[in-house]
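K.L.:
The structure follows.
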Amino acid sequence: MATTPQPYEPPQADLIAPPPVMPSATQLVRFVMISAAITVVASLAQSAIEFVALALGWNLHDTTVDLPSFAAFAAVTLLALAALVVLLGWSASLIGFLCWIHRATRIARALNSMPTTLDPSWAVAGFFIPFLNFYWPYLAVKELWQTSDPSAPTNWKDAPVTPVVFLWWPVFLGHAFISLIGLIWTVADWQAESPATAWVSAGLSALMAVPAGLFYWIVGCVHARQRARGAPA
């Protein structure tokens, strides 16, 4: 005997609420956004210091030349502090992002009758598995965007994907590749200490703001869309 399909109803909030010792999705998003914002600001500050120093004729990467003034010494100190903040901020935002991916995927699977391709653990592990990490992180974020679409609660695979999601992962991989080439060049050029090394370092610092900004926007939008679907804070 055929049965009438029942309309979709979101699960109760307590079914997808975090364990008492774990931060909520909102707390994770705030942590990710704050750490990402700090990283971007510090990265831009690092780039600005290097560009100003180069305009003044100071190559802050040349350890074979005495600094011309106290101002140049202060610039080196500020540059080192900015680089440290970038390293700490990027590390914190990465850890927070992975925790958020796990949490958001768990929420997505609870909110939808069709499960995501990757479960929460594999969504995180996909960032670390060679070769698969060229695609799985994008897949995880793309499906988070689709499953959070309030207009397609039962058939999320047909939901549209914003071009920002398509753009984010190639930009991130491109920046990582360019940074690796820049690092190799910097190490190879370290003895020569040419101004080109400083220009490359300053440019890479400025470019970090692009993937970080896209990442910031995606996390905030997915969280807001999941909240609109009935996910707990």
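K.L.:
Collect the residues in region 110-152 that are in contact (Cβ under 8 Å) with a residue 24 or more places away in the chain, of a type in the set (Phe, Trp, Tyr) and surrounded by fewer than 19 Cβ atoms within 10 Å (Cβ to Cβ), keeping them in residue-number order.
P.N.:
Hits for region 110-152 are Phe127, Phe134, Tyr138.
K.L.:
So which residues in region 80-122 are in a helix (DSSP H, G or I), small (Gly, Ala, Ser) and more than 14 Å from Met33 (Cα to Cα)? Write out each step before concluding.
P.N.:
If we filter region 80-122 for residues that are in a helix (DSSP H, G or I), which is where we start, we get 80-111, 120-122.
The next check asks that each one be small (Gly, Ala, Ser); those that pass are 80, 82-83, 89, 91-93, 96, 104, 108, 110, 121.
Of everything in region 80-122, those that are in a helix (DSSP H, G or I), small (Gly, Ala, Ser) and more than 14 Å from Met33 (Cα to Cα) turn out to be Ala80, Ala82, Ala83, Ala104, Ala108, Ala110, Ser121.
K.L.:
Give the residue, chosen from Val161, Val165, that is surrounded by 19 or more Cβ atoms within 10 Å (Cβ to Cβ), under 19 Å from the mean Cα position of the chain (by Cα) and over 21 Å from Gly230 (Cβ atoms). Give the steps one after another, and end with the answer.
P.N.:
Details: Val161 fails: surrounded by 19 or more Cβ atoms within 10 Å (Cβ to Cβ).
Going through Val161, Val165 in turn, the sole match is Val165.
K.L.:
Further question on the same structure: Look through Leu98, Leu84 and report the one residue that is at pLDDT 85 or above and farther than 24 Å from Arg109 by Cβ. Quick ask: steps written out before the conclusion?
P.N.:
Details: Leu98 fails: farther than 24 Å from Arg109 by Cβ.
None of the others qualify; the one that does is Leu84.
Residues are listed down the side, and each one gets a yes or a no for (1) among the aromatic types (Phe, Trp, Tyr); (2) at pLDDT 90 or above:
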{"site": "Ile107", "(1), (2)": "no, no"}
{"site": "Ser113", "(1), (2)": "no, no"}
{"site": "Val124", "(1), (2)": "no, yes"}
{"site": "Lys142", "(1), (2)": "no, yes"}
{"site": "Trp190", "(1), (2)": "yes, no"}
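K.L.:
Checking the conditions here, which among Thr154, Thr147, Thr197, Thr186 is in contact with a Phe, Trp or Tyr (Cβ under 8 Å, 6 or more places away or on another chain), closer than 30 Å to Gly57 by Cβ and at pLDDT below 90?
P.N.:
Answer to the check: Thr197.
K.L.:
Going through region 98-109 one residue at a time, which ones are in contact with an Asp or Glu (Cβ under 9 Å, 6 or more places away or on another chain) and either free of Cβ contacts under 8 Å to residues at least 40 places away in the same chain or of a type in the set (Lys, Arg) (or both)? Steps first, answer last, please.
P.N.:
Quick first cut of region 98-109, residues in contact with an Asp or Glu (Cβ under 9 Å, 6 or more places away or on another chain) only: 105-106, 108-109.
Residues satisfying the conditions are Thr105, Arg106, Arg109.
The values are calculated or read from the model by the stated rules, or taken from the named source; none is laboratory data. All values derive from a computational prediction rather than experimental measurement. Please note: Cβ atoms are built from the backbone with ideal geometry, for glycine as well, and neighbour counts cover all protein chains shown.
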